[in-house]
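Take a look at the structure below.
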Amino acid sequence: MIPLRSRRRAINAFNLTMAVLTTVFGVFWLVWILWTTLSHGIGALHLSLFTQDTPPPGGEGGGLRNAFVGSLILLALAVAIGTPIGVLAGTWLAEFAARRRLGSVIRFLNDILLSAPSIVIGLFTYAIVVDPGGHFSAFAGGVALALILIPVVVRTTDEMLRLVPGALREAAIALGTPYWKLVMRITWKAAASGILTGVLLGIARISGETAPLLFTALNNQFWSTDLARPIANLPVVIFQFAMSPYDNWQKMAWAGAFEAMAFILLLSVFSRLLLRRGIHRS
Amino acid sequence: MKASEAAIAMQNGAPSAGQAWRFPADPLFRKLTGGIALLVAATLLAILIALIGEGWHALRVFGWRFLVTGTWNPVSGQFGALVFIVGTLISSIIAMLIAIPVSFGIALFISELAPRWLRGPVSTAVELLAAVPSIIYGMWGLLVFAPRFAQIEPWIDDHLGAIPGLGVLFRGPPMGIGMLTAGIVLGIMVIPFIAAIMRDVFLVTPAALKESAYALGSTTWEVVRHVILPYTRTAVTGGIFLGLGRALGETMAVTFIIGNSNNLAASLLMPGSSIASVIANEFTEATSDLYKSSLLALGLILFLITFVVLVFAKLLLLRLERGAGSRP
């Protein structure tokens, strides 16, 4: 019979070792995925990626210019639609509904929307924009991405505004400032870096989204900046190219994946730094 | 906050006698922001209505049998959701079997074991894993992981396939892609989400509770097992369900790896399909109205399943927040 004391110690040592091993296991996948994307992506990088459009099936050469531009257009559309809506809704939650029941209900529903599957958001956009309009369009893609961006912005705006000290608001009200001016000139300003972080994290989230674009922006093999027509975009091109049997397409998919990954990771790291600085100051 | 709210109430009240009429900027601002907040919350309802509307055709034709029919045949116009519902559940269960213990270990490591200098980097690494877009998981899974996994599969077939009863789950040709591969990649994808929540809730366990247990001579594991876990149990479950919600609705990674077969196979090594993967694969090819409507009805089912799981998760997570607020 092993003495109780050493048995307890053995269990402790075993479980803690397992914790360390699982952490190594988790980080191992990250390293593997990063390494794969990096090694395949760097090899496929070429200046023509930025100067030429996507090649036809089985074609040689070509680039991803139309996909990059299309993705940027979709992101810009999503930010233009999503940021004002998200910031205003978040402002109401933080400034006018801090202790109201309706506020917590909306906060709850927003959190559900935040985690809702993006493919469902895509189908919803198909139902409200594409189906009535009769055709796939870049505009619909922008709406779908905006719907994914909005809950992220609502949540961070709400959280960041609630961090602004109440004394600031009281001081402004004591000077006779109308509330709308107080919000726009003082609390928004105080929480600006936090709100910006929310938007940046939201952009990082939507720039890799593929599923909702399949039913909205679709894809376009050619150069197009027309918002009323299907548009090429990086995630769907990566999907199409990676699944294809053509060597040239697969190479290009890796290059695109590398670009997307670098963009998203840099954005995440940058916004985290911004957030840390903002909190330090306040 | 209280004082400022009182001040707004005063400002919003009727202007005192003799004061000139002023443009009601404050009430307008309040109504505008409030209206938009309501609109955001109403999106969920709008999604439900829109998906019911679009899927109505299929639901009317097939009725409740849509849920229990296993045939999905676009040529003959026969559609049933069963294969995809089961595929979604099985791949998510495999994912959770991997993700729950690993996330727990990572959270434990970050919150209790890691030296201070290592805590930040490991946390950041886990968060970056969450930021990697799902299409990259899918690509990596299909082009890098699946070929390697195919080399292990004969071993799985030989050893696990020999288990009486359960063995049927692990027999099959070594294709690399399939239900098991999809479940594994899905598991890797949800690890960071669950681990981040577990870490956050482990860190809110009051230090006094942990210190008293240590003072009584507990080992670190005993503190985790008998103090931290009981204190955070509901929130840990909430985090697990949040991860499950994510796994159920994940599309791109699964579409790449699951194999896209519309038949249900007993073996996990065989290809299958999930709700999300069949929608992603077939939506643009759906030519007939009934076909498209059936795919949208699948979307409705997915929405309802994830909605229930997410509401449950959020309610559990809220309970810890409230509890932590009321405790001294």
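The values are calculated or read from the model by the stated rules, or taken from the named source; none is laboratory data. Predicted model, so just to flag it, every value in this text is computed and none were measured. Positions of Cβ are backbone-derived with ideal geometry, glycine not excepted, and every protein chain shown enters the neighbour counts. With ligands, DNA and RNA removed, areas are computed over all heavy atoms of the protein, side chains included. Shrake-Rupley method; radii C 1.70, N 1.55, O 1.52, S 1.80 Å.
A few notes on this one:
- When residue B:246 is tested against (1) open to solvent by 30 Å² or more (accessible area, probe 1.4 Å); (2) farther than 20 Å from residue A:212 by Cβ, only condition (2) is not met.
- Any hit, region A:147-157, residues being open to solvent by less than 20 Å² (accessible area, probe 1.4 Å), of a type in the set (Ser, Thr, Tyr), more than 7 Å from chain B (Cβ to nearest Cβ) and over 14 Å from the mean Cα position of the chain (by Cα): yes
- Answer residue from region A:223-281, given it is basic (Lys, Arg) and part of a helix (DSSP H, G or I) and is modelled with the lowest pLDDT among those: A:281
- For region A:21-73, a residue qualifies if it is of a type in the set (A, V, I, L, M), in a helix (DSSP H, G or I), surrounded by 13 or more Cβ atoms within 10 Å (Cβ to Cβ) and more than 14 Å from every other protein chain (Cβ to nearest Cβ), and the qualifying residues are A:49, A:69, A:72, A:73.
- Unique match (being of a type in the set (A, V, I, L, M, F, W, C) and touching a residue at least 24 places away in the same chain (Cβ under 8 Å)) among B:98, B:136, B:49: B:98
- Check on residue A:216, part of a loop (DSSP other than H, G, I, E, B), within 25 Å of residue A:92 (Cα to Cα) and among the hydroxyl-bearing types (Ser, Thr, Tyr): no
- Pairs meeting the criteria (first residue in region A:70-91 and farther than 24 Å from residue A:214 by Cα, second residue among the small types (Gly, Ala, Ser) and assigned to a helix (DSSP H, G or I), beta carbons under 7 Å, at least 6 apart or on different chains) are A:89/B:37.
- Hits in region B:203-240 (condition: open to solvent by 60 Å² or more (accessible area, probe 1.4 Å) and within 14 Å of another protein chain (Cβ to nearest Cβ)): B:214, B:216, B:225, B:226
- Criterion (within 13 Å of another protein chain (Cβ to nearest Cβ), open to solvent by 10 Å² or more (accessible area, probe 1.4 Å) and not hydrophobic (A, V, I, L, M, F, W, C)) met by exactly one of B:147, B:164, B:174: B:147
- Test: residue in region A:240-261 that is among the aromatic types (Phe, Trp, Tyr) and in contact with a His (Cβ under 8 Å, 6 or more places away or on another chain): yes
- Residue A:128, sole failed condition from (1) open to solvent by 40 Å² or more (accessible area, probe 1.4 Å); (2) within 9 Å of chain B (Cβ to nearest Cβ); (3) out of contact with any helix residue (DSSP H, G or I) (no Cβ under 7 Å at 6 or more places or on another chain): (3)
- Within region A:219-247, the residues that satisfy the criterion of being among the hydrophobic types (A, V, I, L, M, F, W, C), within 12 Å of chain B (Cβ to nearest Cβ) and either under 19 Å from the mean Cα position of the chain (by Cα) or open to solvent by 70 Å² or more (accessible area, probe 1.4 Å) (or both) are A:234, A:236, A:237, A:238, A:239, A:243.
- Flag for residue B:68 being at pLDDT 85 or above, in contact with a Leu (Cβ under 9 Å, 6 or more places away or on another chain), loosely packed, with under 13 Cβ neighbours inside 10 Å and of a type in the set (Val, Ile, Thr): yes
- Checking the stated criteria, residue B:93 turns out to be under 16 Å from the mean Cα position of the chain (by Cα) and surrounded by fewer than 20 Cβ atoms within 10 Å (Cβ to Cβ).
- Looking only at residues in region A:77-100 that are open to solvent by 20 Å² or more (accessible area, probe 1.4 Å) and within 13 Å of the chain's Cα centre (by Cα), the one that is nearest to the other protein chains (Cβ to nearest Cβ) is A:83.
- Residue satisfying all of: in region B:71-90; among the polar types (S, T, N, Q) and open to solvent by 10 Å² or more (accessible area, probe 1.4 Å); nearest to residue B:229 (Cα to Cα) among these: B:71
- When residue B:282 is tested against (1) within 20 Å of residue A:212 (Cβ to Cβ); (2) touching a residue at least 40 places away in the same chain (Cβ under 8 Å); (3) within 10 Å of chain A (Cβ to nearest Cβ); (4) open to solvent by 20 Å² or more (accessible area, probe 1.4 Å), just one condition goes unmet, and that condition is (3).
- Checked against the criteria, residue A:111 counts as on the phi < 0 side of the Ramachandran plot, at the interface with chain B (Cβ under 9 Å from one of its Cβ atoms) and among the acidic types (Asp, Glu).
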